[in-house]
Each structure stands twice: as structure tokens, then as C-alpha cells.
Amino acid sequence: MTGAALASLLPLPVALPIAGAAAAPLLARISGRLPVIVSLVALGGAVTVLLLEAPAVFGGRVLVHYMGFWKPVNGHALGIAFAADPFGLLFALAAAVIGAILLLYTLSELGGLGPRELGGYACLFQLLLAALIGAALTADLFNLFVWFEVAALASYGLTGFFLERPIALEAAFKILVLTTLASFSIFIGAGLLYARHGALNYAQLHDALRGHVAAPDLIALGLLIGGFATKAGLVPFHGWLADAHTAAPGPVSALFSGLMVNLGIVAIVRVVFCVYGPGSAPVLGLLLTVGLISALLGAVMALAQDDLKRLLAYDTVSQMGILAVGLSTGTATGIGGAVYHLINHALFKSLLFLCAGAVVHRTGLTKLSEMGGLARRMPVVTTAFVIGALSIAGIPPFNGYVSLGLIHSALLDQHEVAAYILMLIAQVITIAALGRAAWLAFFRPREAGHGKLEQLRPGMLAGLASLAGCCVAFGVAPGFFLETVMAPAVSGLLNPARYASAVLAGAGRLPGLHIPFDYASPGELASAGACLVVAGALAWGYLRISEPAPVRVLRAAHNGSANDYAAYAVTGTLAVIAVLSLAR
Amino acid sequence: MQPPDRQPPDRQPFAGQPPDRQRTDGRARQEATEHEPIHRPWLGTLIVAGMAAALAAAMAGIPREHAALPAIARYALEVALPKWGLTEPVNEVVYGTRGFDTFGETFLLLAAIISVVLITRPRESRRGYFGEETAAGREQSESDPAEPDDAREDAARSAEGQEQDERRPADQAGPRTPDQTPLGSAAPETAEAMTVVVRTAIRVALPILAVAGLYLVAWGYSPGGGFPGGAVIMGVILLVYAGFGHRRISRIARPGLLEAIEIAGAAAIILTELLGLVLKGSFSANWLPLAAPQTILSGGIAQLFSASELIEVGTGLTIAVFALLAMEHDWTPDEQDVSREDSEASENSGTAGDSENTDGSEGSAGPESGSGEAGDRPRGRSRR
Amino acid sequence: MSAFWLLDYLLLALILTSALLVLLLRNLNGAVMALSAAGTLLSVLFVVLGAPDVAHSEVVVGAIALPVLYLVAIGKSRTVVDDPALGETREQDSAAT
Amino acid sequence: MILANYLTSAAVFCIGLYAVLTRRNMIKMVMGLSLMEASTYLFMLSLAYRAGSTAPVLLSPPPGESTRALAHGNVADPVLQNFCLTAVVIGVAVTAVFLSVVVRIAQHYRTLDSDKVREMRG
């Protein structure tokens, strides 16, 4: 197929899940499982189309399609462009594949739900996935905002899905307040940019902004970053995240944490790298600071949690911080590490949340202090959880080792020693938190046995196995993935001018790039080992001491009030604006 | 499939887990509510002042009313007539040139409506053991630790229940599937009917409003479009409801029917856009021949899109409003609820409605799988 | 020309007033009405600013959809919340009770 | 001066934000968000306005001119009005979801005070 024909198929991965979503409520009247099965078919179609595009795109081409052939006239684009660059296609592919796995898992874990609720669930699930794919592929700022909103509205219903749980509704309220504030922020930011430059297309905006970024542009940038960071759950904006993950069903938490949160990062990448260009403002330093704070605070809060899913949710905050740190380096190695970590995080965090969801679903226990001894009763879930935890920990055969190693070496290349040390500290705390969780939930001996637990069904087994298998695959063959997938993606982000000209011209090529990675680097291996040892000691110690004062202060700051979380988020946006405007 | 540990399991704090860390009981709640957050007004003022400053700084630096129109806006004006046959550039942009945004927005509305339907849904019977329900019972009793014996609330609730039972026709006394739930019946504040004056006024206004709603859509070359038209249609249905009571609309306003119409509208939108890809090689390209400007068909697919959106928005908003109206208080587990369901279950133990319960063939059909509907319900408030 | 600005400023002032009313009114139903008024005034302003399409949508939303939704929600919560202050809610010291 | 419109929209935005940050009645918070939403419409349409412009409708041209000439005349920006329309729909959708969540919370927690609706913290 020619490039143009391939590119014209790009809206299909969005439209197919949407069609499935529209059919779901009606199909639910026939049978509860039918909508989920149809969604799987629709997502399969989306994956097929994305895979059709993959060889060309990962080969370095940028496929661009203007909806309805409303191509740019004299460099001014009124129509909406879908541009598949390697980075966007990678995220879209991850969203479609992991989304399908999660739906398959849902089918066997939550298949006993009533037909109407399962139909609504399938509908919202697919709309969320379609929005993620659309946001990854679009090259238009306002269209990005629309997909952001679709994802947001779909997430509200999913958060409050278990209506009998009061906390689910509480979480839905908080996510509503914060996401709505974020959407205003993005909307005004996009409006300001349009008012100043008369453009919405990334490429056109990039051309207009190159070289002369004025004060209102920086305020717009601050508003956009503030809004998308709320979705990403970076630190002052993260109030909704832990609550939403705690209360939602297991596969939904996996979807939120593995994919939806990443939408924020993808959008920030688009705005910072593709629209403004990394050099235009002190934005990279800002990302570094926010990222380090998120990484540390998320890890500490994770260590202090007693609720298994909440612990994993705070760890998501920490991982998003690590992503931001990787992006902030601005080098091929660092961004490559961040992109690699984006995929890794989608894999291992989905896996962990599926495990946590399975525990909650089958025992009714949510608190670590009440669990224990599950390893004997749920060997498969335990194995999967351990694999996920080791992946996050950055232990060699698993995927976290590769991406963390890349980010570490990028930091060291830039002589950011302080940041490197802070990253190591965050990693230690993360390992301690997950190790503590694994010990308390699965391995700790427990006198009172659990009742008879149902067996894992085939779909659940398939979901856990495929995600765990991917975790291992991405850890074992980093050279292959770096070469074929990550390097083109980074190349697109590091050459925004190439991307821009490709979007405006309707097609283009990205230069090749090589990202070196030394798997057996002694320093990296040693630091991973050292982290493991220190983390073991920390976890052991933390189980025995009472809560230290700083942790207590942090916990008190997360006081659960929607008003205060909104205040944090708005303050964060203002701080971002202030830093960007004053530190130029 | 035995639900483990119905009783709160061993709650003794193990070593290293200080008791206050798992405290979710009364004391923590007390503390939370006693501390009046005096910081909020001044902190709020401060933050708002900061936001005002940022916005003012941004707004001072953007073009004012004398700037030239952006090139793409000018382009949108220029193509409206020749390329779409539309004299209304806004409709042209919304449903035509940037129709893909509207495509997303339509499904955003679908997401919202399905979210509302999900959040307002009544209980459905589930098969198998759901640990989340066990956790929910615990959480509910924690969130309401010493539930006051609240006569007023009981009275309100029983009034609500009575009203519902009165409304429910005798032949529907069985287990209520969502489809049988009459829309809009549960709200105690709904009047049966209004006075003659109001009804007459509504009779007069209705046709005018309905025509106005359709007019907004049908003449795509003049201001209007699917969304306001659909919202007006919702207003019409609401007026009938408010003026004549729910009986008049109960035949139309069934979720089964409305949802089907809504999905038909959504499907029409998908088809409209998708046919562009099939016939013209680009998603959301115009594939209809252009009629002369200023006729009912001018605008090609823009008009089709607009009309489909009318259907989707009108029915969707109606579903949302009536779902809110019909929302019952049936998710918090309490005696009244459980006993009602118990009695219903025993009443209809032989009817088809229960057949779902018995095929708990999935997983290991434990001894308790059949009782998953009523028996597994946590009874957080049964102490009352 | 000046008539335009006069009308514009007048509407702006009215919108600002109704926004303040939304914030300050203790009675929730009153606040809904203020919100609805703000929406309707906005739609008039949109006509003035040359946006009839948005004015249509906004008047439908501000005068029908939003008030209906809010009033239904307030009515529904009144049946379950034993809060005599609902409707006359004093935000600042409702925790004292 | 259109700047007055910009600043009024900023003021309404801030009033709404103040309601969200300080009001504890959840319905009041939702109203604050609705106000903020409304202010963004005002902002966008003020941006779309041009001095002395007419609505972007290519009907009934002045005598002696074709409708096509109107496209080159002084009209408001249709693209921004398109955004505004989208935002209006989003506003209604979000409000509907918001209110259904609030009613459910009222049923579970028997309060509308957002400070009492915080089971999850820390």
C-alpha cells in the first residue's frame, strides 16, 4: 500500500473501538458478555490497522493524514491532522494491545456482573482506549483537548463503578473536580495559543513559536503543562490519583495506571518537544524538579500505605516522576529511557494492578494488615506480582532495569549527580514499598486461613501471563526494542523541525538514531544490587519502627479534601507559570 | 467459592504496624471534622489572586479586537459556500471541516450519558462472589460508624418507597429489571400534574418549541445545529413530564427505547464519517452531492451529521435527566433494602427472573454461589 | 459603535453580579437561579458579540439543561441528607453542628 | 475595549475558582466549576470578536454585494465559535456526571459537606 493510503487508515484505530462502544449498551441487552467480546473484536481490528502502519512508521516515516483532505493551505492548517510518528504509534499500539488484554481479563474476572453494568463498563472502557489512541496520533492541539476530555469523561464512570463502595464515589468526585480544573487550564492554554498565532496544528504552532516565545506563550505553556500534569498525576496535581485507583475495579485501575496516566505524559511530550521545542524555555529544568519531587514523594507515600491498591497507585506517581526526569535530560539516551519506561510502566503496573484486583476480588480484603499467607492459595497471582515488583525494582532480567539504566546513564552523562542520587533513593524506597507489600500480602504467615478461593480462569491466566511475558521480553532483548522501536521514537522527538515539516507537507522521514545500552555495565549492576540490599533493610526496618515524623506530615497533607487537592493543583499550575515566566 | 472471613479478620496489629496507622474509626473522623479549616478563605483568596494575575498577564498580551482574522478562520469563511454549499461557516467548521472534533465530542457526550446511567443504575443480580462487595460493606459501616437513628430520614425513605409502590402497576410487582423501572417515578417532588393553566400553557408552547428545535437543525445554512436542537427536544419532553406527569411520557421515555434511538444516532454519525473513508478515501470527507445553498439539504454530510447529533443529544440528555430523576437509594446496604429483596426473591423463586442465579457454573460452584444475590450482601446497618 | 460597548459593559456587569450571587447566596435554589441567569445573560452577550450559534446552545444549556439538572440533584439529595441547612446552607460553620 | 471582556471572564473564572477552593457544599463546588466553564466561553467568544464585526453568517448581504463577498468582510472568527460549541457540550456532559455522583455521595455519606466525605486520605 502506498503511504497515503496507509495514512488514510489512521482514523480507524479510533473509530473502531468507538463503534464497539456505541454498540455495547444495546448488545448488553442480549447478554452481558457480548459487549466485551465485541469490544475485543473491535480492538483486534484497531491493533491490526496499527500493525499495518508499524513497519513504515518504525522505519522512520511519518504518515500524515488530514481528515476530509482539508490539507494546509499556504502552511495554514484548518483541518485536523492525524500524524503517526513512531512515538505516537508506539503509545497507540501499547494502548490497543494492553487494553485488549485487560478486557479479556475483565471478561473472565468480572463476567458475573449484571448485563447492563457490564455493557456500560465495556462502552466506557473502549471510549477511554479510543481517546488514548486518538490523543497519541493527533497533531492538532484542540483535537488533543477533545480526546483528553473523552478520556476524562469515560474515566469518571469507571472510577465510580462499584456503587456500593462509598469510597468509589468519593474518588469519582475528586477525579471530577481535578480533571475539570485541568480541562479548563488546557482549554484556556489552547485558546491563548490560537489567539496569538492563529494556529492549532502542532507543526504550524512550532513554526510560529520557533525563536520567539513571548510571555503569553509561556503562560499558555504553563497552563497546558499544569493541565496535562494533572492527568499524569505529577506531584502537586496528584490528589485524585491514589483515590481513583483504590476504588475502581482491578482492570480499570490497571487501565488508569498503565495507560490513562501516561496520556498526560504523552501530551506533555507533544507540547514540550513537538510544539515549543525543548530549548525554548527553562521547561526541562522544571520537568526535572517536578519529576524528582514526584518520584520521591510517591515512593515515600507508597511505603506508608496500608491499602494494597493505594500503595501501587502512589508508586504510579513515583514512576511518572521518573518518566519526567528521563524526559528532562533532553538527550537521546534519557528520552529513550523515558519512552522505554513508558512502555515498561504500562506493562508492569497493569500486571501489578491486575494482581491486586484479583486479591481484592477473591478475598474481599483491601488492607495489607489483614492479608497474608496468600502465596500458598494464589500461586499464580503471587508469581505475577513478584515479577511485576522485580520489574519495577530494576533487577536485571526484567524490563525496569533497562529503562532505569538508560535514564541513570543519561543523568550521569550530564553530570546531574544530585538528581542521580535522588533517583537511586526513590528506587530504594520503591523497592522497599513493594517488597513490604509482597511480604505482608503474600508471604507473611497467617494463622487464620482463607476460605476456599476460586480458581484462576483461563482469561485471567492469559492476561497475567502475557503481561508478565512482555515484562521479561522487554528486559531480555533491550537491543532489539531500542533499535527497532525506541530509537525512531526518540528521533521524532529530538527533531521537532523534521516532524513539523512532515506534518505540514503530508509525509516525511525522520533521521536514524542509535541509542547505546550496555547491559552488563558493572556500575549499573552494582547499583541495582546495592539498591536491593538497602531496600531490603529499609523494608525490614520499616515494619518494625513506628511511622517517622516526615511521613506523618506527608500523610497529613493528603487530607482527602477535594477543596485542598484543588488548591494544590492550582498552586502547582501557578508555580509552573511563575517558573516559566520568570526564569527565562 | 466461599467468601473468606465474613467476620472482620484478625485485626490485631502486627509488629511494626502502629495501631493508629490502620485507624479508620471514629476518632480519625472526629479529628477531621473538628478542625475547622480556617486556612481556606485566606489561602483561597491568595491562590485566586495569583490566578487572576496570571490570567490578566496573559490577556494583556494577546491581540485585541483590531487584529486581523487568523488565516485559518479566513479560510473557513472562504470555503463555506463553494466547498460545502453552506452559508453558515460555524456549522461548516463544526460538522464539516473540523468534523472530527465534533465526532470526538459526540462520543464524549455518549461517555457522559453512559457514565450517568452507570452511576444511577439500580442493583443488578450478579453471579459469583465479589470481594468488592464485602469490602464495600466494611467501608460503608466505616463511613457511617454510628449511624444516628434518624427518624426523619426513615420517613423520607419510606415515603419514597410508598410512592414508588403506588406508581408501580400491579403486573410489574416482580423483580425490577432496569427496563421495568419507570423513568422519573422515584422522585418524591414530582407532582402528578400541574394546574389547568400550566397545562394549557404547555400545550400551546410545546408544538412551537418542538418546531423550533427541529428548525434549528433542519436549516443548516442558518445558525443552529444538532446540539441546541437536541437540547430543545429534551426540553419538550421535560415540559410534558412536568406538566402532565410521568404517565404521559412513560411510553416514550423508556430506557430501552431511548437508548436504542440514541445508539442509532451515534451509529449514524459513525457511518456518516466512515463512509467518507470508504467512498472518498478520507475519514469525514463529504460523500454526498452538494445541494443548492440555502436549501434543507445543503451542506452534504454536515447536514446529515447535524441531524444525527440532534437525535443523539436529544435522547441522550433526556436519558441523563430521567436517570437522575429515577435514581433510587438502593446501593447502601440496609435492612429495608435487604428485606425487600429477600421477600421479592422468595416471592418469585419459581419465575424466570431468577434463572440467572442458578447457573453459577463458572469457576467452582461453591455452596454459596446461589445466594450471591441477597445473602452475600453486607448488612452494614442491620443493627438498627 | 458606542451603543455596542454600552450594551457589552452592561451585560458584563450583570454577568459579574450573577456570578457573585452564585458564590454568595446561601440558598442553593437561589444560587441555581443565579447561575441560570448568568447563562442566559451570557447568551445575550454572545448574540451581541456575533455568535448566534453559541448563543443558541448557551441559552438552551443555561436556561433548560443546567437548572433542571441542578434542581433535580438538589431535590434528590434533600431526601437523603438530613441537613436542614441544605438550601440554607452556611458553608462556613456547618461543621460546627 | 474588548479587554474589558477578557478581564471580566478572568474575574468570573476567579469567582468560580474561589467557590471550588473554599465552599464545602459539594453542589456549590459544582456550581463554581460551572461558572468557570461559562467564563471560558466568554473568553473564547471575546477572542473571536473583531471591531464592528458581524456574525459569521453569509446570508442577506447588503444590497449590491454577493454573499461570497461577505466571506471577505468583517466577521467574527468561526473557528473559535466552533471550540466554544464543543466546550458547551462538554460543560453539560460534565455537569450531569458531577451531579449524579454528588447525589450518590449524599446517599452513602448522608452529607454534602466535602470535608466529611473523605474516607480516603494519607
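The values are calculated or read from the model by the stated rules, or taken from the named source; none is laboratory data. This structure is a prediction, so every number in the text was calculated from the model and none was measured. Here the Cβ positions follow ideal geometry from the backbone for every residue, glycine too, while neighbour counts run over all protein chains shown.
Observations on the structure shown:
- Given (1) facing chain A (nearest Cβ under 7 Å); (2) part of a helix (DSSP H, G or I); (3) of a type in the set (D, E, K, R), number of the condition residue D:68 does not satisfy: (1)
- Out of B:322, B:244, sole residue that is under 30 Å from residue D:103 (Cα atoms), touching a Lys or Arg at 6+ places or on another chain (Cβ under 9 Å) and touching a residue at least 40 places away in the same chain (Cβ under 8 Å): B:244
Yes/no per residue for (1) surrounded by 24 or more Cβ atoms within 10 Å (Cβ to Cβ); (2) farther than 23 Å from residue A:37 by Cβ; (3) aliphatic (A, V, I, L, M):
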| position | (1), (2), (3) |
| --- | --- |
| A:101 | yes, no, yes |
| A:117 | no, no, no |
| A:122 | yes, no, yes |
| A:140 | yes, yes, no |
| A:148 | yes, yes, no |
| A:154 | yes, no, yes |
| A:174 | yes, yes, no |
| A:183 | yes, yes, no |
| A:189 | yes, yes, no |
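- Tabulated pairs, the stretch A:108-122, first free of Cβ contacts under 8 Å to residues at least 40 places away in the same chain, second small (Gly, Ala, Ser), C-beta under 6 angstrom, 6+ apart or interchain: A:112/B:128
- Check on residue B:49, more than 8 Å from chain A (Cβ to nearest Cβ), under 21 Å from residue D:44 (Cα atoms) and surrounded by fewer than 24 Cβ atoms within 10 Å (Cβ to Cβ): no
- Residue within the stretch A:315-334 that is within 18 Å of the chain's Cα centre (by Cα), in contact (Cβ under 8 Å) with a residue 40 or more places away in the chain and over 24 Å from residue A:573 (Cα atoms) present: yes
- Qualifying residue in the stretch A:463-476 (condition: more than 20 Å from residue A:532 (Cβ to Cβ), in contact (Cβ under 8 Å) with a residue 40 or more places away in the chain, away from every other protein chain (no Cβ under 11 Å) and not in a helix (DSSP H, G or I)): no
- Residue list for the stretch D:28-61, restricted to those being away from chain B (no Cβ under 11 Å), within 20 Å of residue C:52 (Cβ to Cβ) and of a type in the set (A, V, I, L, M, F, W, C): D:38, D:42, D:44, D:45
- Meeting the requirement of 2 or more residues that are more than 7 Å from every other protein chain (Cβ to nearest Cβ) and surrounded by fewer than 23 Cβ atoms within 10 Å (Cβ to Cβ), the helices (runs of 4 or more DSSP H) wholly within the stretch C:1-80 are C:2-24, C:28-48, C:66-80.
- Cβ separations smaller than 6 Å between residues 6+ apart or across chains give the following pairs from the stretch B:273-284 residues that are facing chain A (nearest Cβ under 7 Å) and surrounded by 16 or more Cβ atoms within 10 Å (Cβ to Cβ) to residues that are assigned to a helix (DSSP H, G or I) and aliphatic (A, V, I, L, M): B:283/A:67; B:283/B:277; B:284/A:67.
- Some residue of the stretch D:103-116 being farther than 23 Å from residue B:71 by Cβ, free of Cβ contacts under 8 Å to residues at least 24 places away in the same chain, out of contact with any strand residue (DSSP E or B) (no Cβ under 8 Å at 6 or more places or on another chain) and more than 7 Å from every other protein chain (Cβ to nearest Cβ): no
- Looking only at residues of the stretch B:120-142 that are of a type in the set (A, V, I, L, M, F, W, C) and in contact (Cβ under 8 Å) with a residue 24 or more places away in the chain, we find that the one that is farthest from the other protein chains (Cβ to nearest Cβ) is B:130.
- Matching residues in the stretch A:207-226 - criterion: being more than 11 Å from every other protein chain (Cβ to nearest Cβ), part of a helix (DSSP H, G or I) and farther than 15 Å from residue A:287 by Cβ: A:207, A:209
- Tally of residues being buried (at least 24 other Cβ atoms within 10 Å of the Cβ) and either more than 10 Å from chain B (Cβ to nearest Cβ) or in contact with a strand residue (DSSP E or B) (Cβ under 6 Å, 6 or more places away or on another chain) (or both) across the stretch A:21-46: 6
- All of (1) free of Cβ contacts under 8 Å to residues at least 60 places away in the same chain; (2) at the interface with another protein chain (Cβ under 9 Å from one of its Cβ atoms); (3) more than 25 Å from the chain's Cα centre (by Cα) hold for residue A:567 with one exception: (3).
Residue-by-condition table, conditions (1) outside any helix (DSSP H, G or I); (2) surrounded by fewer than 24 Cβ atoms within 10 Å (Cβ to Cβ); (3) acidic (Asp, Glu); (4) modelled with pLDDT of 90 or more:
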| site | (1), (2), (3), (4) |
| --- | --- |
| B:67 | yes, yes, no, no |
| B:87 | yes, no, no, no |
| B:96 | no, no, no, no |
| B:102 | no, no, no, yes |
| B:115 | no, no, no, yes |
| B:129 | yes, no, no, no |
| B:133 | no, yes, yes, no |
| B:140 | no, no, no, no |
| B:154 | no, yes, yes, no |
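- Test: residue in the stretch A:477-488 that is of a type in the set (A, V, I, L, M), in contact with an Asp or Glu (Cβ under 9 Å, 6 or more places away or on another chain) and either in a helix (DSSP H, G or I) or more than 21 Å from residue A:254 (Cα to Cα) (or both): no
- Every listed requirement among (1) under 30 Å from residue B:269 (Cα atoms); (2) at pLDDT below 85; (3) more than 10 Å from chain A (Cβ to nearest Cβ) is met by residue B:83 save one, (3).
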